[in-house]
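Student: One structure follows; several queries about it will come next.
Every read-out reported here was derived from the displayed coordinates using simple, explicitly stated rules and does not represent laboratory data. Everything numeric in this text was worked out from a predicted model, so none of it was measured. No Cβ is skipped: glycine too gets one built from the backbone with ideal geometry, and neighbour counts run over all protein chains shown.
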Amino acid sequence: MFRNSRVTVCDVLVIGGGLAGLSAATAAAEAGKKTVVVSKNHPLRSHSAAAAGGINAALTEEDAALHIEETIAAGCGLCSRNAVEILCREAVGVINRFLKNGTPFQWNETRNEPEGRPFGAMSTPRTRFVGDRTGAALMQTAFEQAKKAGVRFEYSVFLIDLIKHGSRMTGVYGIRFETGAIEFFSAGAVILATGGAGALFDITSNGIGSTGDGAAMALRAGVPLRDWELIQFHPTGLYPSGFLISEAARGEGAILRNKNMEAFMGRYHEKADLAPRDAVTRAIVTELKCGRGFGKRGDFVLLDCRNIPPERLFARLPELCDLTETVLHIHPTTHLIPVIPTAHYFMGGVACDLDGRALDGIGFPVPGLYAAGECACTGVHGANRVGGNSLLEAVVFGTRAGQTAAAECADLKTPSSSPEAATEAAASFNERLTLFQSDNENSRGSVETPLDCRRELKEIMSAYCSTAHTTVRHKQGIAKLTLLNRRFARCRLKNGLGQPFNTELKDFLETENLLFLAAALFSAAEERSESVGAFYREDQLYAGAAPYHTATEWRKGRFLTERRPL
Ligand SMILES: Cc1cc2nc3c(=O)[nH]c(=O)nc-3n(C[C@H](O)[C@H](O)[C@H](O)COP(=O)(O)OP(=O)(O)OC[C@H]3O[C@@H](n4cnc5c(N)ncnc54)[C@H](O)[C@@H]3O)c2cc1C
């Protein structure tokens, strides 16, 4: 074993302390399992805490049936009906549990129930909320419940790769920031809950830490991603940064306008500004392409909140008021907000079944591995996620993954830890790092840093693989990515293992994951030859050009992507 390295042994190991990870961990701990959550930052700083508009929950049977149908319709035929049924039917229980545990949902006194607001693609106001800081409120409750259940937290630990013993995933290793030492975690079951990979793009609502580490770990371990090319671009990112302006704004009555001050969404969809997100994003892109955008370069449209009464705006969208005041020094009661589509959510991820078991390329569970939340693909979102459904998914399927992992790790006859497998995995990592520290012919004179490469990667992905796809663009993007990979190989690290607070190493590892996922994304995007939901092919004018995909595997550099039938 490595010098100074620590080994933690537990029953259930959860990678990620967002809403999915906390839900999974609480369920596993409540089932009596020794459960540890490991995350690269404090759980309350996970992306879930930034979620704004709300969590969907139909409070009656009738509305739950409607929620199911509307989710499936928005998903453009790619949803798994079974998954959606579970999601929508379990929602009321989720809300009741959070209420009981103290989440201060906005209350409707007349109906004596949590207030609902309308969200895109929905016909009834079923998004429950705490102002526009719903994620923070849910996370606070979930964190308290996890602690109460006895979950142990290890944060400031960057996990690098899964450890396999035979075909079973038995743990993971990573680096603790404060010490720079390598650490091992050995478990009867490992649950991936590492969130999305929005950091692949230039303009994104995601934070810099959304680097898809869990998806990359799974791919490197030979576990396929499903629907990886299906990425949601939220219509209203603040211009030019892409910070999210929640759909709650349009839910409360805000309207999109082009440079002629026309409320253009009515021309594109019967639900106008509350159309599904893919439709609104495409409408904005079309308006910009037709020269009806604002600004010197005509590259944004405006969100008009002036018709929302100020007292309602302050009460229900405080975050939006803060954001526009702090960043743009304007107030939404008097000024229009410049917006552009922003990379927001990965519908695809680690393929898994309804109980969170990760699946291999032919659909069998990968022993010991589970996934939940944004890094997983349960099939609830299909080709286009409905706003408010992902917090719900994180809780519903996180809990199921935790329960299943707890039940299945109890069946283990032998302890899962294998010191040899762990040492071997970490030794090969160390060897690779040493290579990046040594000076050789290739690297001599190189001033490349991982962050330079990451910046360029974002530009490539935004230009060649974002809101509209063509084979020509994919080919150009892949060529640029190949060159970038060569440049990345010339990066040299000044500090290696054992160096405390080594941010250079963290940047390096995250960029490496992003480059890996970018290649998988181009490959998956090129394989999908039809337009569906958020995936729009400009070189295929009609949907359903290739109505049925057989499962495909792309095995090159150990990537594997899988596609489901349309
Ligand atoms: C700005 C914004 C607003 C949103 N608003 C809404 C909304 O109103 N309603 C809704 O339903 N959805 C919303 N979403 C989407 C939703 O918030 C996310 O999809 C969901 O919270 C993801 O939860 P998660 O638990 O899967 O991941 P996250 O909350 O992203 O957590 C990931 C965890 O993994 C850890 N991690 C990652 N990599 C590593 C590693 N290598 N080693 C160790 N730990 C690691 C992180 O530290 C973190 O703890 C919003 C998203 C954004 C970006």
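Student: In nm, to one decimal, how far is the V7 label point from the E62 one, both placed 7 Å along Cα→Cβ?
Tutor: About 6.1 nm, to one decimal.
Student: For I330, I203, what's the fewest-to-most ordering of other Cβ within 10 Å of each Cβ?
Tutor: By the 10 Å Cβ count, ascending: I330, I203.
Student: Please give the charge dipole size of the stretch 1-94, origin at the Cα centre, charges +1 on K and R Cβ atoms and -1 on D and E Cβ atoms. Round to the nearest 20 debye.
Tutor: Once rounded to the nearest 20, the dipole reads 980 debye.
Student: For G171, enumerate residues with amide H under 5 Å from its amide H, sequence gap 5+ or separate chain, H modeled in the peptide plane.
Tutor: Under 5 Å from the amide H of G171 lie the amide H atoms of I163, A187, each far enough along the sequence or on another chain.
Student: Right, another one. For the pair E420/N260, report the inter-label distance in nm, with labels modelled 7 Å from Cα in the Cβ direction.
Tutor: Placing both labels 7 Å along Cα→Cβ, they lie 7.4 nm apart.
Student: Quick one: what are the phi-derived ³J(HN,Hα) couplings along the stretch 33-38, Karplus 6.51/-1.76/1.60 with θ = phi - 60°, whole Hz, x for glycine and proline?
Tutor: The phi angles translate into 9, 6, 10, 10, 9, 10 Hz.
Student: Now for a separate question. Which residue, I191, L457, V339, has the largest displacement toward the positive end of the dipole of the chain when charges sit on each Cβ (Lys, Arg +1; Asp, Glu -1)?
Tutor: Going by the Cα projections, it comes out as L457.
Student: Suppose each label sits 7 Å from its Cα in the direction of the beta carbon; what would the I362-W107 distance come out to in nanometres?
Tutor: It works out to 5.7 nm between the two label points.
Student: Amide H of V532 versus every other amide H placed in the peptide plane: which residues, excluding those fewer than 5 positions away on the same chain, fall under 5 Å?
Tutor: Residues meeting the amide H criterion: R537.
Student: Still on this model: Could you rank the peptides 466-478, 85-97, 47-59 by their average count of other C-beta atoms within 10 Å per residue, with the highest value first?
Tutor: Put in order of decreasing packing, that is 47-59, 85-97, 466-478.
Student: Determine, for each peptide in 25-32, 146-153, 354-361, the mean count of other beta carbons within 10 angstrom over its residues, then list the peptides with the highest first.
Tutor: 25-32, 354-361, 146-153
Student: Would you mind checking the stretch 62-98 for residues with the amide N under 11 Å from a putative spin-label position 7 Å along Cα→C-beta of T124?
Tutor: 62-68, by backbone N distance to the label point.
Student: Then there is this: Restricting attention to the stretch 118-181, which GluC sites (Glu not before Pro) occupy a DSSP loop and are surrounded by at most 16 other Cβ atoms within 10 Å?
Tutor: E178
Student: Could you give the dipole magnitude of the chain about its Cα centre, charging the beta-carbon of Lys and Arg +1 and that of Asp and Glu -1, in debye to the nearest 20?
Tutor: 800
Student: With +1 on each Lys and Arg Cβ and -1 on each Asp and Glu Cβ, and nothing else charged, work out how big the dipole of the stretch 265-394 is about its Cα centre, in Debye to the nearest 20.
Tutor: Approximately 580 debye in magnitude.
Student: Which whole-Hz couplings ³J(HN,Hα) result when phi for each residue of the stretch 224-231 is put into the Karplus expression 6.51 cos²θ - 1.76 cosθ + 1.60, θ = phi - 60°, listed in order with x for Gly and Pro?
Tutor: Whole-Hz 3J(HN,Hα) from phi for the stretch 224-231: x, 9, 10, 6, 4, 7, 8, 10.
Student: Taking 20 Å as the cut-off for C-alpha to C-alpha distance, list the pairs among K289/K475; K100/K147; K164/K458; K259/K289; K475/K506 that go past it.
Tutor: K289/K475; K164/K458; K475/K506
Student: So, one more: Given V172, F429, G120, which one lies farthest toward the positive end of the charge dipole of the chain, if we put +1 on the Cβ of every Lys and Arg and -1 on the Cβ of every Asp and Glu?
Tutor: Farthest towards the positive end: F429.
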